[in-house]
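Visitor: Got a structure for you, questions after.
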Amino acid sequence: MSLPNLSALAVRERSVTLFFLLLSVVAGFYAFSSLGRAEDPAFTVRAMVVSVVWPGAAPEVLQNQVVDRLEKLIQEVAYTDTIETTIRPGQAAMLIRFQDSTPSEKVPDLFYQVRKRMLDERPNLPRGVIGPIVNDDFADVYFSLLALTAPGMPMRELTREAESIRDRLQRLPGLQKAQLLAERPERVYLEFDQDRLNNLGLSAEEVLQAIEANNRLQPLGFVDLAGPRVYVRSNIDLSDLERLTSVPLRIGDQLITVSDLAEVRLGYEDPLSYIVRSNGEDAILLGVVMRAGENGLEFGERLREFVSAEQGRLPLGMSIQTLTDQAEAITQAVDLFQVKFLVALVVVMGVSILAIGLRAGLVVGIAIPVTLGLTFLLMKMAGINLDRITLGALIIALGLLVDDAIIAIEMMIVKMESGWDRVRAASHAWSVTAAPMLFGTLVTVAGFVPIGFAQSGVGEYTGNIFWVLAFSLLISWVVAVTFTPYLGVKLLPDYTGHTGQDLYQSAFYQRLRGVITACVQYRKTVVFITVGLLGISAFGMATQVQKQFFPSSDRPEVLISVYVPQGSAIATTDQSVRRLEAILMDMPEVKSLSAYIGAGAPRFFVSANPEQPDPAFAKLIAIGQDVEGRDRIISALETRIAAGEFPEARVRVTRLLYGPPVVWPVSFRVLGPESDQLREIAHQIRTLMTGHPNIVMPHLEWDERVPTLYLDMDPENLGWMGLTPAEVARQLQFQLRGVAVTELRQGIRSVQLVARNARGEVIMPEDLEIKTRDGRKLSVQQLGKWQVRYEDPVIKRYNRAPFLAVQADVEGAQPPDVTKEIWSAMTTLREQLPEGYRIEIGGTVEQSAKANASIQTLQPVMLALMLIFIMLQMRSFIGTLTVLATAPLGLIGAVLALLLFNQPFGFTALLGLIGLGGILMRNTMILTQQVQDNFKAGMAAREAVIEAAVQRARPVVLTALAAVLAFVPLTFDLFWGPLAYVLIGGVAVGTLITLVFVPALYALWFRLQIKD
């Protein structure tokens, strides 16, 4: 190389080298101890929610008058990918997802663009529409969820206490924000006796106007005196309930008060829209969001101390519980990976010691922590935490970073065995191995470029694999050419001198030489067999290996989703939830239990999307004592569900999943204009899915139609009665549900005052009476005809097109495989679809395709970088092509390992397969470089090829063995397991094939003589 000989410099300036070696160790310890800890890497959730409320509007009216125009405006925003809209009576929610390729730094501006368009459109929406309400905190991941409970205590008191706790919590170092969740909206109810109102000749409208007039806050003016400005104030305030009941009403010559007509009652929103319980008790949640870049373990410790202190401060009967805590997950993940890491470290050092001796193994062993320490330092400088991704990457790196140290020390040993002194041998290692090792390292790093620069959420999530591997491998090269020669000079023993020729004449090398000579002799057969094995492996990967996106999590949470028929009341949903709670609370395996009725749980895990508000949905989260306890909970629940204990609901029990959120693993979207036609097509798809042996719980996302009572009023008849439709609507609302009168100002809160008819038994709308302006009472039957009509309780839209999803779980197979089979089975159905209708694949396959596409986009860049590095090292087309030809050979071993150990091929396995090519090409570069060195030494072509394979067999096999054994601890990890099997099989089999394939390929290209 044109660079100065760093190895010679390191062994010459030994004091300086030792200083920097010790400095590297100290810096590494400092960096490791101060690195941030997190369960998962932070990545941008490119999604937000826009919702609107229009009380009284049917879903179809809301769709046509409000939703459609808002969706058009949202689609104008750059990078918009999908808009999934759910419309229910009186409300709609639009889940907006931006393209995976959206740069993270642009996401806040895109949120602003959506918000701006919604605010601009607000004045143009129909009167009575509330919103649009923009939620750009949808992506917040709660570090911890704290539940505040107080059996028997009014929820308003619990809320006030929760607010005080939140205020104190807001001062906790490292906190970004603390939010009150599942707060029950307070109400003050005025419950009128309708008969008494009628007897007094009063209408509810007159009473409500009087109350509102006594609570309306208005300016009374001010007076400018010689000194100060004096404002005029008044006691226009009904927050005191005694003042409310004392509001006077004039009836002729009499004066009565509100208390003579109505009873005042404190309450809450009725019916409740969202209910949360903790261990069966009504609860208010505190959602804790940690500031980005904080150390999760340290923040978790501060939070635990805070909760402990608050528990002692709470009033008697009130308690605070931690429902979810990322600190526990971080501790378990980091501790487990550190154990695996240490096991891998010991294994690698043990292999080195056994293969090249105690002292040489010790040199390699010292190089490992030095390399890792400097890697930690670079991670610290780059702001990279220790988390699931980086810890896995470090273990992968551990199997690779020893390569350079082993190659360098092995070259020193070879030369010292040839009679060279140790200083000269150390300097020579630079001349022979530095360049091949550097370019080999760059080729390996280039193999992970698609992961590091993939423009997607998955790429952002896993991107630190590239940076950690790049840091560690490049540092390992620096350590191998500086510290390793120094340590070799200091620690290696004296070796018996003999000629280089004698060195490779042992029985082992003689047998190896015979095998390689046979491969050169039968070159065509070897190349043909290798290519054949590669073809068979590619076929096996496509047809035999199970496909997966991301695996299930090993966290102890059990997720129970409850779906009752669409259009059901929240009280109906709650009945099923209470039965499930009773079952779960009797299980000793359950550590904590929380229930969320009317919507999903807040996002407590980065891959868990919170479900949107739906009175027909509920989610329970049971946390097991451990993973085994979690599995027993799941088994017990599935047994009860299968026995038919919940016929009124669809109850689904699942685990958390890694990777992007996928609600149902197998899903097909039917899109088209008419709901009846959508149902017909969807039912056919469900029939096909039901026939598949691995499909569980196939269903339509929505299928029901619900009854509505429709009052067909005659406007002319109403006019003769002195009524308007608005007056009728207000009186019916007053008697059935209640009407909002005003807002009472209570401290920092505004509490809605609702007037309604006193509740007794349920009154059907057709039995109600309406009062005219002149005081007459009329039966509602006189206003028009009552009809029972049916409507869709929910309308779902996907990019402005109505759609109906057909979904299912999978058992005994992988979702991509099952989806592919069902998609093939519906070929005839897809060909016969009416015009304007189409079927799209959703679920796991859709998300997997997006993630894989972001990786595949950068593969040409990866290939170009590899070719550049290989050509710069090889300086010949034949050498470059030889190296490149070995890149896919790892597929043979990878497929064999996946099939042998029954492992699925998913996204993490794909990452391993991509990086595998670089690892194998690195070994090939060292082998081909030795061929060229032999040519320069004057060897004949045939001898140069054979001897190169013999000479480089020991370091190549040794580095491969170290890598394989280092990957073994990862096989026990759910997340990294498939990747580990790919690397183990690929490196092991690929290395062995490379040792015989490369000589045969050289012989074929150079047309070497069969015999000398």
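Visitor: Order these by the 10 Å Cβ neighbour count, fewest first: 87, 795, 130.
Guide: On the way: 87 26, 795 22, 130 14.
By the 10 Å Cβ count, ascending, the order reads 130, 795, 87.
Visitor: Say each of residue 714 and residue 786 gets a label point 7 Å from the Cα, pointing the same way as Cα to Cβ; how far apart are those two points in nm?
Guide: Between residue 714 and residue 786, the label points sit 1.9 nm apart.
Visitor: Still on this structure, I have one more. Which pairs, out of 106/619; 106/850; 524/936; 340/415; 72/796, put more than 25 Å between their alpha-carbon atoms? Display every interim value, and only then the final one.
Guide: Working: 106/619 33 Å; 106/850 20 Å; 524/936 27 Å; 340/415 36 Å; 72/796 16 Å.
Cα-Cα > 25 Å for 106/619; 524/936; 340/415; rest within.
Visitor: Could you compute Rg(Cα) / (2.2 N^0.38 Å) for the range 46-138, with N its residue count?
Guide: Details: Rg = 12.8 Å, N = 93, 2.2 N^0.38 = 12.3 Å.
Relative to the rule-of-thumb radius for its length, the range 46-138 sits at 1.04.
Visitor: Turning to a different aspect of this structure: Taking the C-alpha atoms of the range 232-331, how large are the radius of gyration and the largest Cα-Cα span, Dmax, in Å?
Guide: Over the range 232-331's Cα set, Rg and Dmax evaluate to 23.8, 76 Å.
Visitor: What Rg and what Dmax come out for the range 778-925 when only alpha-carbon atoms are used, in angstroms?
Guide: Expressed in Å, the Cα Rg and Dmax of the range 778-925 come to 26.7, 100.
Visitor: What list of ³J(HN,Hα) couplings, whole Hz, do you get for the range 381-393 from phi and the Karplus terms 6.51, -1.76, 1.60, once you set θ to phi - 60° and write x for glycine and proline?
Guide: Each residue of the range 381-393 in turn: 5, 8, x, 9, 8, 7, 8, 4, 6, 5, 5, x, 5 Hz.
Visitor: Would you list 331, 85 from fewest to most Cβ contacts within 10 Å?
Guide: Details: 331 17, 85 25.
By the 10 Å Cβ count, ascending, the order reads 331, 85.
Visitor: Rounded to two decimals, what is Rg over Rh for the range 360-448 when you use alpha-carbon atoms and the Kirkwood radius?
Guide: Working: Rg = 15.4 Å, Rh = 14.6 Å.
Rg divided by Rh gives 1.05.
Visitor: May I ask you to compute the full-extension gain from residue 224 to residue 164, defined as 0.36 nm times their residue separation minus their alpha-carbon distance, rounded to one decimal in nm?
Guide: Working: separation 60, 0.36 × 60 = 21.60 nm, distance 3.95 nm.
Going from the current span to full extension adds 17.6 nm.
Visitor: How many angstrom lie between the C-alpha centres of the range 139-155 and the range 184-205?
Guide: Spelled out, the Cα-based centre of one part sits 35 Å from the other.
Visitor: Using a 7 Å offset from Cα along Cα-Cβ at residue 257, what residues in the range 732-749 end up with backbone N under 13 Å from the label point?
Guide: Backbone N within reach: none found.
Visitor: Let me ask something else. Determine the principal axes of the Cα atoms in the range 589-667, then give the extent along each, sorted from largest to smallest and rounded to whole angstroms.
Guide: Taking the Cα atoms of the range 589-667, the three principal extents are 31, 28, 26 Å.
Visitor: Separate question: Compute the long axis of helix 107-121 from its Cα atoms, compare it with the longest principal axis of the Cα atoms of the chain, and write down the angle in degrees, 0 to 90, nearest 10.
Guide: 20
Visitor: Taking 0.36 nm per residue of separation and subtracting the Cα-Cα distance, what length does fully extending residue 359 through residue 640 add?
Guide: Details: separation 281, 0.36 × 281 = 101.16 nm, distance 6.19 nm.
Gain on extension, residue 359 to residue 640, equals 95.0 nm.
Visitor: What is the order of 683, 699, fewest Cβ neighbours within 10 Å to most? Can you show the working numbers first?
Guide: Numbers: 683 14, 699 19.
By the 10 Å Cβ count, ascending: 683, 699.
Visitor: Counting each DSSP H run of 4 or more residues in the chain as -39500 (n - 2.57), what helix-only mean residue ellipticity at 222 nm follows after dividing by all residues, to the nearest 500 deg cm²/dmol?
Guide: -16500 deg cm²/dmol
Visitor: What percent does the relative contact order of the chain come to when contacts are Cα pairs within less than 8 Å and at least six residues apart?
Guide: Details: 1819 pairs, mean separation 174.1, N = 1012.
This gives 17 percent for the chain.
Visitor: Taking the Cβ of residue 217 as the center, what net charge do the other residues with Cβ under 12 Å away carry, scoring Lys and Arg +1 and Asp and Glu -1?
Guide: 0
Visitor: Also, quick follow-up: If r is the Cβ-Cβ distance from residue 250 to residue 779 and R0 is 25 Å, what FRET efficiency results, to the nearest 0.05?
Guide: Numbers: r = 29 Å, r/R0 = 1.17.
Working from the Cβ atoms, E equals 0.30.
Visitor: With r defined as the distance between the Cβ atoms of residue 30 and residue 431 and R0 fixed at 30 Å, what FRET efficiency is calculated, to the nearest 0.05?
Guide: After rounding, the FRET efficiency stands at 0.30.
Visitor: What is the spin-label model distance, in nm, from residue 521 to residue 171 if the labels are put 7 Å beyond Cα along the C-beta direction?
Guide: Result for the modelled spin labels: 8.7 nm.
Visitor: So what are the three principal axis dimensions of the chain from its Cα atoms, in whole Å, longest to shortest?
Guide: Result for the chain: principal-axis Cα extents of 128, 78, 58 Å.
Visitor: Could you give the length gained on full extension between residue 706 and residue 663, defined as 0.36 nm per residue of separation minus the Cα-Cα distance, in nm? Display every interim value, and only then the final one.
Guide: Details: separation 43, 0.36 × 43 = 15.48 nm, distance 2.54 nm.
Length gained between residue 706 and residue 663: 12.9 nm.
Visitor: Looking only at the range 789-823, which residues have a backbone nitrogen under 15 Å from a spot 7 Å from the Cα of residue 121 in the C-beta direction?
Guide: Zone members listed by number: 797-801.
Visitor: May I ask you to derive the FRET efficiency for residue 206 and residue 569 from their Cβ-Cβ distance with R0 = 41 Å, giving the value to the nearest 0.05?
Guide: On the way: r = 33 Å, r/R0 = 0.79.
Step by step, r from the Cβ atoms, then E = 0.80.
Visitor: Moving to a separate point now. If you look at just the Cα atoms of the range 606-743, how large are its Rg and its Dmax in Å?
Guide: Cα only, the range 606-743: 23.3, 74 Å (Rg, Dmax).
Just so you know, all these numbers are worked out from the coordinates, no wet-lab data involved. These numbers come from a predicted model, not from an experiment. Every residue, glycine as well, gets a Cβ built from its backbone with ideal geometry; the counts of neighbours run over all protein chains shown.
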